[in-house]
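The values are calculated or read from the model by the stated rules, or taken from the named source; none is laboratory data. Please read all numbers here as calculations on a predicted model, not as lab measurements. Methodologically, a virtual Cβ is constructed for each residue, glycine included, from the backbone with ideal geometry; neighbour enumeration extends over all protein chains shown.
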Amino acid sequence: IGIVLLAALTGFLVHHRADISVATSLALYLLVVVSVTAIGGPLPGVTAAVAAPLLANWYLIPPYHTLRINNTDNLIELSVFVSTATIVSAYVSIAERRAIEADEARRTTQKMAIEQNRLRKIALEAEMLAKADELRTAILRAVSHDLRTPLAAIKASVSSLRQEDVQWDDVDRGDFLQSIEGETDRLTNIVTNLLDLSRIEAGVVRPSMYATSVDDVISTTLRSLAGNSADVTVDVPADLPEVMADHALFERALVNLVQNSAKWSPAGTAVLVRGRSVGASVEVSVIDHGPGIPVDKRLQVLQPFHRLSDATSGGGLGLGLAIADRLIASMNGHLELRETDGGGLTAVITLPSVVGDAP
């Protein structure tokens, strides 16, 4: 391309050399040199920079067809052309090289970003698999103990009732049936909690948020606990604002908290469910006077299958508080564990209250 351009330009200038000055001709040659350098790179550019002044001297500067220069002005013009062409070609080459390097750096950065995203996805998948494996291990460990205990009690009661050589009176049969019913409820609660946890961990819980009456949620919670040995008192002011929540999820969280408090409450003491308005939020507290939870253990018990000790687990899987915490969080709320005045545990649910006219 460089040879063709130089040849074409030289032919044009030779044909019009009577009308075009040497300075103008050299300027046109300089344009060709720069173009060749930009298109072909340093080597073609240097070749064009050497060939152009030779062609100009041979065809355009008197005496023609020789390399001799008689006019000082022509010599100066040719020298300036050679210097300018060399400098411009060098700068064009440097700029082109830097552009290539920048393009390579950009492509390398893009490749690194793609690889980083790939590695991040792999790490995330590995973390999810590790958590899933950890969850499966915890489920198997907990279920192997906590399902076996009520099943053994049910089997023992049924086996006793089936004994034909023993005449059980109505009181004994009632005790056996009560044991079967209680252990069945216990199994139902375990399975329900496991299902709740699996739905939460799978991310399929989708709260339907709307204005919800706290008093209504507490009422349905107590109905759900009907037949349970829990003694619950309620303290909710009549003017307590509604909260933005999913009624069913709110109720399920409250059931878990009340069951947990009832399990640890001393005999003869009641679990208090209290509601109050705090700024733009509503707090619903579940208060007991049991042994409580040490401050350094309160975050731990909000993790699935975490129990303070197996000896004092009360036969639970250690899911109630964890499920309640996750259900409340799914509704943009917060669960905090505090110490009850005089000893015990106070579980405080905080949810945004409905301001103004709620749908």
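Inside segment 222-237, can you point out the residues that are in contact (Cβ under 8 Å) with a residue 12 or more places away in the chain and part of a loop (DSSP other than H, G, I, E, B)?
First pass over segment 222-237, keeping only residues in contact (Cβ under 8 Å) with a residue 12 or more places away in the chain: 222, 224-225, 227-237.
L225, G227, N228, S229, A230, D231, V236, P237, listed by residue number.
Could you list, in sequence order, the residues of segment 36-78 that are hydroxyl-bearing (S, T, Y) and within 15 Å of S25 (Cβ to Cβ)? Walk me through it before giving the result.
The initial filter retains those residues of segment 36-78 that are hydroxyl-bearing (S, T, Y), namely 37, 47, 59, 64, 66, 72.
Correct list: Y59, Y64.
Of the conditions (1) more than 35 Å from the chain's Cα centre (by Cα); (2) at positive phi, L272 fails just one. Which one is it?
Every listed condition holds for L272 apart from (2).
Do you know which residues across segment 189-212 are without any contact (Cβ under 8 Å) to a residue 24 or more places away in the chain and closer than 17 Å to L321 by Cα?
Our first condition is that a residue be without any contact (Cβ under 8 Å) to a residue 24 or more places away in the chain; within segment 189-212, this holds for 191-192, 195, 198-199, 202-204, 206.
V191, T192, L195, S198, R199 - these are the residues of segment 189-212 that are without any contact (Cβ under 8 Å) to a residue 24 or more places away in the chain and closer than 17 Å to L321 by Cα.
Can you confirm whether D196 is farther than 24 Å from L147 by Cβ and surrounded by 15 or more Cβ atoms within 10 Å (Cβ to Cβ)?
Details: farther than 24 Å from L147 by Cβ: no; surrounded by 15 or more Cβ atoms within 10 Å (Cβ to Cβ): yes.
No, not satisfied.
Could you identify the single residue in L272, L257, L240 that is in a strand (DSSP E or B) and surrounded by 16 or more Cβ atoms within 10 Å (Cβ to Cβ)? So that I can check it myself, show each step before the final result.
Values: L257 fails: in a strand (DSSP E or B); L240 fails: in a strand (DSSP E or B).
Checking each option against the conditions leaves just L272.
What pairs come out if I take residues in segment 150-161 that are within 16 Å of T188 (Cβ to Cβ) and modelled with pLDDT under 85 and pair them with residues that are of a type in the set (A, V, I, L, M, F, W, C) and in a helix (DSSP H, G or I) whose C-beta lies under 6 Å away, six or more apart or interchain?
Final answer for the pair search is P150/L187.
Restricting the search to segment 15-56, which residues are without any contact (Cβ under 8 Å) to a residue 40 or more places away in the chain and hydroxyl-bearing (S, T, Y)?
S21, T24, S25, S35
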